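One structure below.
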Amino acid sequence: MKKILLFCILFASTLAFSQVTMLTTNTTWSGDVTLDGKVVVNAGVTLTIQQ
């Protein structure tokens with residue numbers, strides 16, 4: 001039981017300090033893009049990356 005609790009605490013703290021960008025509409029990025037964290041593109045959404 002203690003291992004499960006520790007895992008839950010560590011997982012929650014990771015989520016709290018991780019930056020997550022959620023894309024919910026079609027999006028176009030261009031130029032220099034620096035990713036800091038996780039980028040989630042929802043189903044049905046298009047992310048276009050131009051040079």
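Which members of the stretch 34-47 meet the condition of being modelled with pLDDT under 95 and over 15 Å from the mean Cα position of the chain (by Cα)?
none
Kindly provide the set of residues from the stretch 27-50 that are polar (S, T, N, Q) and not in a strand (DSSP E or B), ordered by number.
We begin by selecting, within the stretch 27-50, every residue polar (S, T, N, Q); these are 27-28, 30, 34, 42, 46, 48, 50.
Passing the criteria: S30, T34, N42, T46, Q50.
Does S30 count as at pLDDT below 95, surrounded by 10 or more Cβ atoms within 10 Å (Cβ to Cβ), out of contact with any Gly (no Cβ under 6 Å at 6 or more places or on another chain) and among the small types (G, A, S)? Talk me through it step by step, then tell me what you get.
Details: at pLDDT below 95: yes; surrounded by 10 or more Cβ atoms within 10 Å (Cβ to Cβ): no; out of contact with any Gly (no Cβ under 6 Å at 6 or more places or on another chain): yes; among the small types (G, A, S): yes.
Spelling it out, it is not the case that S30 is at pLDDT below 95, surrounded by 10 or more Cβ atoms within 10 Å (Cβ to Cβ), out of contact with any Gly (no Cβ under 6 Å at 6 or more places or on another chain) and among the small types (G, A, S).
Any residue in the stretch 26-51 that's acidic (D, E): show its pairings with residues that are surrounded by 10 or more Cβ atoms within 10 Å (Cβ to Cβ) at Cβ separation under 9 Å, as long as the two are six or more apart or on different chains.
Correct list of pairs: D36/T21.
The values are calculated or read from the model by the stated rules, or taken from the named source; none is laboratory data. Values in this document were obtained by computation on a predicted structure and should not be read as measured data. All Cβ positions, even for glycine, are placed from backbone atoms using ideal geometry, and neighbour counts span all protein chains on display.
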